[in-house]
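The structure appears below as structure tokens.
The numbers here are math on the coordinates, done by the rules we state, and not lab data. Owing to the predicted nature of the structure, the values given are computational and were not obtained by experimental measurement. Cβ placement follows ideal geometry from the backbone for every residue including glycine, while neighbour counts extend to all protein chains displayed.
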Amino acid sequence: MNILLWHVHGSWTTSFVHGKHRYLVPVTPDRGPYGLGRARTYPWPDKAVEVTPEELRDTDVDLVILQRPEEIDLAAEWLGRRPGRDVPAIYVEHNTPKGDVPNTRHPMADRDDLLLTHVTAFNELFWDNGGTRTTVVDHGVVPPAVEWTGELDRLAVVINEPVRRWRVTGTDLLARFAALAPLDVYGMKVDGLAAHLGLPEDRLTSHDDVP
């Protein structure tokens with residue numbers, strides 16, 4: 001299949017493009033948020049191909065993966081076809097709801113033209129999806145070369161930007177985890193996290209942006 005998707009989340013997209021299909025990744029001259037193109041800091045296979053908006057009009061596309069509401073109109077403009085109506089579409093929601101949770105309506109709620117895919121069962125439950133068909137496909141990663149051995153008597157979590165995002169990423173729970181065992185935190189912008197939580201560094205150790 002030829003699958004059109006935007007490069008939005010680097011690690012998730014890296015896992016996704018290691019599948020068995022051909023992946024069409026929009027690229028624009030400024031490499032902005034809607035034309036980032038192929039990753040330059042992650043290893044992507046050759047079947048992830050950069051395409052310009054102009055090239056998309058004449059490119060066979062079997063499926064569109066949407067990750068932001070505005071991509072529906074963008075895909076319709078660039079393809080000359082409406083995602084969900086003229087070409088099958090799946091909307092992948094990566095995030096938890098951020099508003100009044102019982103009443104947080106998903107922007108794709110009550111649609112009959114696409115499949116709304118959540119990355120955790122928690123997210124599917126807490127978003128108000130209306131009548132839109134939903135499924136859950138858990139976030140995955142390319143199998144690592146190094147595996148867990150259990151040698152270190154520590155806990156570990158992976159969070160990007162835990163200070164800025166705070167409760168969105170469960171940062172306020174880390175002190176509870178660190179009370180049970182020393183905690184290693186991996187991710188982007190995790191430096192100084194122990195100080196923000198009022199914890200000694202031997203209880204919470206940051207590993208910032210590990211390759």
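A few notes on this one:
- Here the 3J(HN,Hα) profile of segment 177-190, calculated from phi with Karplus coefficients 6.51, -1.76 and 1.60 at θ = phi - 60°, is 5, 5, 6, 8, 6, x, 10, 9, 10, 10, x, 7, 6, 9 Hz, Gly and Pro shown as x.
- Relative contact order (percent, whole number), the chain, Cα cutoff 8 Å, 6+ residue spacing: 12 percent
- Segment 68-97 residues near the modelled Tyr42 label - backbone nitrogen below 16 Å, point 7 Å along Cα→Cβ: 68, 92-95
- Cα lying deepest toward the dipole's positive end in the chain, options Val158, Gly198, His139, charges on Cβ: Gly198
- Principal semi-axes in Å for segment 59-101 [√(5λ), Cα gyration tensor, largest first]: 24, 10, 8
- Residues whose placed amide H lies under 5 Å from that of Asp184, excluding near-sequence neighbours: Leu155, Ala156, Val157, Thr205
- Annotation for segment 106-138 versus segment 139-211: alpha-carbon center distance of 29 Å.
- Across all Cα atoms of the chain, the radius of gyration (one decimal) and Dmax (whole number) stand at 19.5, 58 Å.
- Percent of beta bridges antiparallel (DSSP, the chain, rounded to nearest 5): 5 percent
- Here is the list for segment 91-123: trypsin sites (Lys or Arg not before Pro) lying in DSSP coil, each with at most 14 other C-beta atoms within 10 angstrom of its C-beta, are Lys98.
- Partner lysines whose Cα lies under 23 Å from the Cα of Lys47, excluding those fewer than 8 positions away in the same chain, are identified as Lys20.
- Stretching the chain fully between Glu77 and Leu115 yields a gain of 11.6 nm (0.36 nm per residue, less the alpha carbon separation).
- Rounded to 5, the percent of DSSP beta bridges in segment 1-116 classed as antiparallel: 5 percent
- The relative contact order of segment 155-208, computed from alpha carbon pairs under 8 Å that lie at least 6 residues apart in sequence, is 39 percent.
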